[in-house]
Amino acid sequence: MCVESTPPPSARLTRRGVLAASAALAGTATAFAAGASPASASSGAGARRSERPGPGGDLVVEGGTLLDPATGDVIEDAVVVIQAGVVRAAGRRGRVDVPKDAPRLDAHGSWVLPGLVDSHIHINTVAEAKAALRQGATTARSGSTNFYQDIAVRELARQAPELAPRLRAAGVFVSPDLGDTILGDPDLTALARLKDGVVSAAALRRVVEVNVARGADVIKTRSNPRAGLAEQDPLEQVYTYEQLSEIVSAAKKHGKGVLCHSYSEQGCHDAVTAGIRSLEHGAFVGERTLHEMRRRGTYFTPTIGAIAGMIGDKDPVLDERGRTYTPLLKKAALAAHRMGVPVVSGTDSSGGTVEPVGGEIELMHSAGFSPLDAIRTATVNAAKLLGLSDTVGRLARGFAGDLIVVSGDPLADLSVLKTPTRVVHSGIALAV
């Protein structure tokens, strides 16, 4: 059955309804409290929007020890001045002009870092968005949702940054079996009649085009099944090089990158050579593929914590996978890093449980990364992956006013990043 006879998805006619449904599912009605109308919040593709949330705050953070992940510089008794959600100045006290009447946050005895980036997370509800934010992830990239909730959460963050991290949305998963996601958009329902699922070039293009029409910033697909489901074989190939190339080509046509869930070496290699932007998981990625990733500038999101989290599972299959895959994944992440492949941190949190991205940074260190390089996986490296290298990942003039305050020196003890004492998003200090 060919799906090309179906008219192209219409952003103007149905997108408002899709976002409204996503908002209802995610509980994001509060996104409009700042004065935006539903129509204005749902118009235009996300990648064409300003990255600055509108209602940013004013704040002066003073007295802490400031770490710049880009340079490794450490500044004691530092001051960070944020106005309208944007950093206006950062440096040593006495060298920074401080507005007299600005609200103050005392960071004496603490360390101050830019807000962290979780490069692979599944945020389906406002509660999950809040949890990620309060654990230090002021920016994130979605690993897909079932019904476009991430697109609504992205809009929520723009209107009410105290409720959600700045988000790159992936929309729905491009996968052979869409399951109930088929109900997430009327323009997907024609695919329900396909006997073999979403496998033909036309069907693959269709899911990409619907995602783009609904405002997805990136496209998510897979070459292998899930490791976290005992009944699935994560080394089975579900999309070939040709199919993955079709997805990448369709996404590229609209200026979108692709993140690909892969485990087997063949699946990883096919995905990388097809032109994906980032490889997710990649437990069995081999040296030939890592060399190709370095050559192409492909990013690696190993999600070590999600794999290690299977250790001790009551299902012996999952327990064994966790014990087998975790050391392999640490070895692969370190090999990639040493080879010059950009590595980023992602928790792969889902199902209502949000893990702190600081835990993934700590696992990077346990894999062999230096503390500073581990921190870079959730700051400057991740910012580049998300196309936000001039917005997040540092505390410098013109960057977003996102930061975390932690109780000790993260270069000596990375565990402090898991429990920040304060989080600031767009100049708004949050209770944690």
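Points to keep in mind about this one:
- Given (1) crowded, with 24+ Cβ neighbours inside 10 Å; (2) touching a Ser or Thr at 6+ places or on another chain (Cβ under 6 Å), index of the condition Thr379 fails: (2)
- Listed by position, the strands (runs of 3 or more DSSP E) inside the stretch 116-188 whose residues that are among the hydrophobic types (A, V, I, L, M, F, W, C) number at least 2 are 116-121, 137-142.
- Residues of the stretch 64-84 that turn out to be under 19 Å from Val380 (Cα atoms), of a type in the set (Val, Ile, Thr) and either touching a helix residue (DSSP H, G or I) at 6+ places or on another chain (Cβ under 7 Å) or crowded, with 23+ Cβ neighbours inside 10 Å (or both), as a count: 1
- Residue that is modelled with the highest pLDDT [pool: residues in the stretch 85-97 that are surrounded by 15 or more Cβ atoms within 10 Å (Cβ to Cβ) and in a loop (DSSP other than H, G, I, E, B)]: Gly85
- Candidates Thr289, Thr273 - the one that is in contact with a Cys (Cβ under 8 Å, 6 or more places away or on another chain), over 28 Å from Asp413 (Cβ atoms) and β-branched (Val, Ile, Thr): Thr289
Results for (1) modelled with pLDDT under 95; (2) crowded, with 20+ Cβ neighbours inside 10 Å, shown as yes or no for each residue.
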position: Pro161; (1), (2): no, yes
position: Gly171; (1), (2): no, yes
position: Pro176; (1), (2): no, no
position: Ile182; (1), (2): yes, no
position: Asp187; (1), (2): yes, yes
position: Ala190; (1), (2): yes, no
position: Arg206; (1), (2): no, yes
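- Subset of the stretch 198-223 (residues that are touching a strand residue (DSSP E or B) at 6+ places or on another chain (Cβ under 9 Å) and closer than 13 Å to Phe173 by Cβ): Val198, Leu204, Val207, Val208, Asn211, Ala216, Val218, Ile219, Lys220, Thr221, Arg222, Ser223
The values are calculated or read from the model by the stated rules, or taken from the named source; none is laboratory data. In this text, all values refer to a predicted model and were calculated from it rather than measured experimentally. We place every Cβ from the backbone using ideal geometry, glycine too, and count neighbours over all the protein chains shown.
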